[in-house]
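In what follows, a structure is listed as structure tokens, so that the remarks can point back to it.
The values are calculated or read from the model by the stated rules, or taken from the named source; none is laboratory data. Treat the numbers as computed from the prediction; the structure is a model and nothing was measured. Neighbour counts run over all protein chains shown; Cβ positions are idealised from the backbone, glycine included.
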Amino acid sequence: SNGEIKARGALIVLEGLDRSGKTSQSARLLSYLNNLGYPVESWRFPDRDTAVGKMISSYLTNQSQLDDHTIHLLFSANRWEKRSLMEAKLKSGISLIVDRYSYSGVAFSSAKGLDIEWCKAPEVGLLAPDLVMYLNIPPKKAAERGGYGGERYEQLEFQKNVAKYYEMLTDPSWKIIDACLPLEDVEKQMKEIVLDCVVCCKKGKPLSHLWL
Ligand code: FDM
């Protein structure tokens, strides 16, 4: 709206174990930015609606079996399927709040024993988030929240292992949120961080690529 250069949207990623509250917080952040008048969409990975996403969904619900490397590459392909749309949205000024991204890809697959560098390789060249917020919760606490839906990875022992790999991936730029706090407190913290990021991107922070 200010001349020829269109302000871009922010790529905001939420990461964390299952039941850490990512999905509820995504919804809250979406309406928060919307109400402030910022164009915003809520995305999630895996995107189960694409061709690759359907294969992933069938694997997660135990309707199909796949080799660990194969499913890893499908998760990555699922992000590549959406990459150009993602870039177009951001360049058109729309911010994206994304529930899981490459870090889930690497943490979950390396928790199964795959090499971390091998896991990162297919992510190279995807858009880098402007902000990663990690909803930090002890695996046991997350499990106590209930609602593990019986999908493949929703088991306490595995989630404990995933937590270790998330820890290894954590970068100083990540915002670590204490996800044990009441929902409203978590929401309040996240809103402030997200608004800063959206403003910063609007001012011209360049888009960059993984892996940093
Ligand atoms: N997951 C998710 C992966 O293993 N790799 C990935 O790249 C992504 C994006 O899929 F257990 C796992 C994480 C989770 C499962 O995610 C489905 P949702 O958020 O529960 O739909």
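Condition check ((1) within 16 Å of the ligand (Cβ to nearest atom); (2) more than 21 Å from Arg19 (Cα to Cα); (3) of a type outside the set (A, V, I, L, M, F, W, C)) across all residues:
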| residue | (1), (2), (3) |
| --- | --- |
| Arg152 | yes, no, yes |
| Leu156 | yes, no, no |
| Leu169 | yes, no, no |
| Ser173 | no, yes, yes |
| Glu192 | no, yes, yes |
| Val199 | no, yes, no |
| Leu207 | no, yes, no |
- Query: If you check every pair at least six apart or on different chains, which have Cβ atoms under 8 Å apart with a residue in the stretch 124-138 that is closer than 11 Å to Ile193 by Cβ first and a residue that is acidic (Asp, Glu) second?
  - Reply: Val132/Glu15; Val132/Asp171; Met133/Glu15
- Before we move on, is Gly105 small (Gly, Ala, Ser), more than 23 Å from Asp196 (Cβ to Cβ), surrounded by fewer than 22 Cβ atoms within 10 Å (Cβ to Cβ) and at pLDDT 95 or above? no
- Message: If I filter the stretch 12-27 for residues that are within 20 Å of Gln159 (Cα to Cα), among the polar types (S, T, N, Q), at pLDDT 95 or above and touching a Pro at 6+ places or on another chain (Cβ under 9 Å), do I get at least one hit?
- Response: no
- Query: Are there any pairs with C-beta distances below 8 angstrom linking a residue in the stretch 72-91 that is farther than 29 Å from Lys6 by Cβ to a residue that is exposed (fewer than 15 other Cβ atoms within 10 Å of the Cβ), with the two at least 6 apart or on different chains, and if so which?
  - Reply: Leu74/Leu66
- Query: Got at least one residue in the stretch 137-156 being surrounded by 14 or more Cβ atoms within 10 Å (Cβ to Cβ) and closer than 22 Å to Trp80 by Cα?
  - Reply: no
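Given the structure, is Val199 touching a Phe, Trp or Tyr at 6+ places or on another chain (Cβ under 8 Å) and either crowded, with 16+ Cβ neighbours inside 10 Å or not basic (Lys, Arg) (or both)?
Numbers: touching a Phe, Trp or Tyr at 6+ places or on another chain (Cβ under 8 Å): no; either crowded, with 16+ Cβ neighbours inside 10 Å or not basic (Lys, Arg) (or both): yes.
So Val199 does not fit the description; no.
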- Which fully enclosed helices (runs of 4 or more DSSP H) of the stretch 64-146 have 1 or more residues being more than 14 Å from Tyr165 (Cβ to Cβ) and within 10 Å of the ligand (Cβ to nearest atom)? 68-91
- Residues that are away from the ligand (no atom under 12 Å from the Cβ) and in contact (Cβ under 8 Å) with a residue 12 or more places away in the chain, drawn from the stretch 52-61: Met55
- Just give me the residues in the stretch 53-67 being surrounded by 13 or more Cβ atoms within 10 Å (Cβ to Cβ) and either closer than 20 Å to Trp118 by Cα or aromatic (Phe, Trp, Tyr) (or both), in sequence order. Ile56, Tyr59, Leu66
- From (1) under 17 Å from Pro46 (Cα atoms); (2) out of contact with any His (no Cβ under 9 Å at 6 or more places or on another chain), pick out the condition that doesn't hold for Asp115. (1)
- Query: Of all residues in the stretch 10-50 being farther than 23 Å from Leu207 by Cα and out of contact with any helix residue (DSSP H, G or I) (no Cβ under 8 Å at 6 or more places or on another chain), which is surrounded by the most Cβ atoms within 10 Å (Cβ to Cβ)?
  - Reply: Lys22
